[in-house]
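Visitor: Before I ask anything, let me first share the structure, which is written out below as structure tokens.
What follows draws every value from the coordinates through simple rules; no lab data is involved. If you're wondering where the values come from, they're calculated on a predicted model, not measured in any experiment. Counting neighbours? That spans all protein chains shown, and the Cβs are built from the backbone with ideal geometry, glycine included.
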Amino acid sequence: MRFSRLNVPRIPNMICLVDASVLYAAVDVRSHAHGAAVATLARPDLSLILPALAVDESLYLVGKRLGARFEARFIRGLADFDIVAPTPADCARMADLVDRYQHLPLGGADASIVALAERLGTTLVATLDRRHFSVVRTASGQPFQVVPDL
């Protein structure tokens, strides 16, 4: 499946980080959240950013659960998105977050979303993981806004 984001106007105050759960659901037509995930990735009012660790997690899941053909199609579709890797400062923040929220537990991919959100000045996250993102706060104490509404 290809999700075209080219020639879509960018609105800086609507930067949205995309979690692996939404990326995977957009590929897996059997997912209960497939339609909502596809609709979220196609929203023209969102400037979507894919954290590199969320992409990696998605690639693993797509390949393992759906096979190489779906994984290859997924990889081709990634060309339409901005993928951002964590910086050394993000890695330090991620380690702090994993330690602080070990009771959830908050993994590295989700911690990378929080660190990247702080760096980019956004609290908007496309995720199906309401459990983690309803608890975790930014360094300034702000809660995350989650899309899509299911």
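Visitor: Determine the gain in length on full extension of the stretch residue 70-residue 142; use 0.36 nm per residue of separation and subtract their C-alpha separation, reporting nm with one decimal.
Guide: Stretched fully, the residue 70-residue 142 segment lengthens by 22.2 nm.
Visitor: Additional query: For residue 34 paired with residue 91, estimate the spin-label separation in nm (one decimal), with each label point 7 Å from Cα along the Cα-to-Cβ line.
Guide: 3.9 nm
Visitor: Around residue 126, which amide H atoms from residues at least 5 apart in sequence, or from another chain, sit under 5 Å from its own amide H, with H modelled in the peptide plane?
Guide: 17, 18, 19, 147
Visitor: Give, to the nearest whole percent, the P(r) tail of the chain beyond 26 angstrom, counting all Cα pairs.
Guide: Tail fraction, whole percent: 20.
Visitor: If we count every other residue with Cβ under 14 angstrom of residue 133's Cβ, Lys/Arg +1 and Asp/Glu -1, where does the sum land?
Guide: The answer is -2.
Visitor: Over the range 36-125, what is the mean sequence separation of C-alpha contacts under 8 Å (at least six apart), divided by residue count, expressed as relative contact order in percent?
Guide: Once divided by the residue count of the range 36-125, the mean separation gives 31 percent.
Visitor: Report the charge-dipole magnitude of the chain in Debye, nearest 20, computed about the Cα centre from +1 at each Lys and Arg Cβ and -1 at each Asp and Glu Cβ.
Guide: On the way: 16 positive and 15 negative charges, 79 e Å.
Roughly 380 debye for the chain.
Visitor: Same structure again: Compute the acute angle (0 to 90°) between the alpha-carbon long axis of helix 68-77 and the principal axis of greatest extent of the alpha-carbon atoms of the chain; round to the nearest 10°.
Guide: 70 degrees
Visitor: When the chain is fully extended, how far beyond the present Cα-Cα distance does residue 14 get from residue 135, taking 0.36 nm per residue of separation?
Guide: Length gained between residue 14 and residue 135: 41.4 nm.
Visitor: What do you get for the angle between helix 108-120 and the principal long axis of the chain? Use alpha-carbon atoms, 0 to 90 degrees, nearest ten.
Guide: 80 degrees
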